[in-house]
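Visitor: Here's a structure for you.
The values are calculated or read from the model by the stated rules, or taken from the named source; none is laboratory data. On a predicted model such as this, the values are computed, not experimentally measured, just so you know. Cβ sites come from the backbone with ideal geometry, for glycine too, and all protein chains shown count toward neighbours. Heavy atoms of the whole protein, side chains included, go into the accessibility calculation; ligands, DNA and RNA do not. Shrake-Rupley method; radii C 1.70, N 1.55, O 1.52, S 1.80 Å.
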Amino acid sequence: MSGPDVDKAAIAAAARLLEEGSLVALPTETVYGLGADAENPAAVARIYAAKGRPMDHPVIVHIAPGADLDHWATDIPHEARALADAFWPGPLTMILKRAAHIPDAVSGGQDTVGIRCPSHPVAIALLQAFKGGKGGVAAPSANKFGNVSPTTAQHVRDEFGADGTVAAILDGGQSQVGIESTIVDLSRLSTHGPVLLRPGHISADAIAAVIDSMPAAPDVAAPRASGTLESHYAPHTPVAMQDGDELLATLGKLQAAGRKVALIHYSAFPQAHAEVRLPSSPEGFAHALYAALRAMDQAGSDVILVEAPPRGGEWLGVNDRLRRAAHGSSGIVHGLLNHDAPT
Ligand code: TXA
Ligand code: MG
């Protein structure tokens, strides 16, 4: 990955801010995170306050490459070490049993902890500088609760720039992957096997190839994951997702009815009030998706119409995020067509 230059002075200053208990926003290869010292409950509480996030939603702890997993977790299955060897640094979060001395502030009171070693060079430099590489940075996505995750430093400024709650925002360019990490629960491996809590760039097949066991879909007893709430990652403008042919017809009808449509598509389409055409590969689509949702949310449209991506396994993460973005908007197209447009 052609990474941005790492500004050593900015990293050192950010590490010091974290050590003092302040919040620092950091780039990762998935999305930007809002970081705090994972072992300082007051600092972690500041994350929840800044995001407006319920206290019982756990956050992910980010660690440096080669850091000691046993500091954070206990009863670590060999499968977890194999996955760390295969995919770290990278976009995989593992849920493990939490070590007794790790504050439960990071896990929303659950007896587990989510751990990930990110691959972004700026994130790695920060994690190596913070507490001499032995610390953990608790970091949910750097957005207000329920909003679309940020994939640029500007997105983070848009979320938190004005309110003074974030001491520093490190700029690492646009996040390469673009959607949040895959989360696999290994904390109940002996009784439930591996469980996929959130699909992402690293697929269930890729995980199964390493540990010889296919992660199952989450069950009701699975640890709570806020990224798994039905409505999440949502713009303020209603979102509707339709297959290409249906979308083409809908676009025509909405425009005939005087509605403003913001379009996110990957096939060729007629012009809309505002639009973004995304790459037709799952990686390219994921990379650009959140920036597109944010841009279309700013377009002053009645609805964001999204061309439904293919359904294949490679597209699982993208479809999951779009389904959540569209949740609660069902009936929006019908409503726009059946009520008078504002004059
Ligand atoms: O790619 C990512 O994972 C990004 C970057 C910043 O690393 N982070 C991220 O964090 O997406 P957040 O807080 O927006 O989502 C973290 C997800 C949530 O759904 C949370 O509930 C789940 O991870 N999680 C964290 N620790 C957990 C635990 N102990 N048990 C179950 N779920 C956990
Ligand atoms: Mg999030």
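Visitor: Which value, in Å² rounded to 10, gives the accessible area of His327 with a 1.4 Å probe and all protein chains present?
Guide: So the heavy atoms of His327 present about 90 Å² to solvent.
Visitor: List the pairs from Lys8/Lys97; Lys97/Lys131; Lys8/Lys134; Lys51/Lys260 whose alpha-carbon separation is above 27 Å, in the order I gave them. List each step's numbers first, then the result.
Guide: Numbers: Lys8/Lys97 34 Å; Lys97/Lys131 23 Å; Lys8/Lys134 18 Å; Lys51/Lys260 31 Å.
Over 27 Å apart, Cα to Cα: Lys8/Lys97; Lys51/Lys260.
Visitor: With the calculation restricted to Cα positions, what are the radius of gyration and Dmax of the chain in angstrom?
Guide: 20.4, 64
Visitor: At R0 = 25 Å, how high is the FRET efficiency between Ala9 and Gln154 if r is their beta carbon distance? Nearest 0.05 is fine.
Guide: It comes out at approximately 0.70.
Visitor: Taking the Cβ-Cβ separation of Ala99 and Thr165 as r and a Förster radius of 22 Å, what is the calculated FRET efficiency to the nearest 0.05?
Guide: Efficiency computed from Cβ-Cβ geometry: 0.15.
Visitor: Right, something else. Under a plain spin-label model, where a point goes 7 Å from the Cα along Cα-to-Cβ, how far apart in nm are His78 and Ala249?
Guide: Taking the two extended label points, one gets 5.7 nm.
Visitor: Kindly rank 205-218, 76-89 from highest to lowest mean number of other beta carbons found within 10 Å of each residue.
Guide: On the way: 205-218: 14.6, 76-89: 17.6.
Packing order, densest peptide first, comes out as 76-89, 205-218.
Visitor: Here's another thing I want to ask about it. Just subtract the alpha-carbon distance of His71 and Ala268 from 0.36 nm times their residue separation and send over the number in nm, one decimal.
Guide: Once the chain is fully extended between His71 and Ala268, it gains 65.8 nm.
Visitor: What FRET efficiency comes out for the pair Ala45/Arg277, r = Cβ-Cβ distance, R0 = 56 Å, nearest 0.05?
Guide: Calculated transfer efficiency: 0.85.
Visitor: Any idea what diffusion coefficient region 8-211 gets from Stokes-Einstein, in µm²/s, Kirkwood Rh on alpha carbon pairs, 37 °C, 0.692 mPa s?
Guide: 198 µm²/s
Visitor: Starting from the 7 Å offset along Cα-to-Cβ, what nm value, one decimal, do you get for the label separation of Arg311 and Ala256?
Guide: Placing both labels 7 Å beyond Cα along the Cβ direction yields 2.9 nm.
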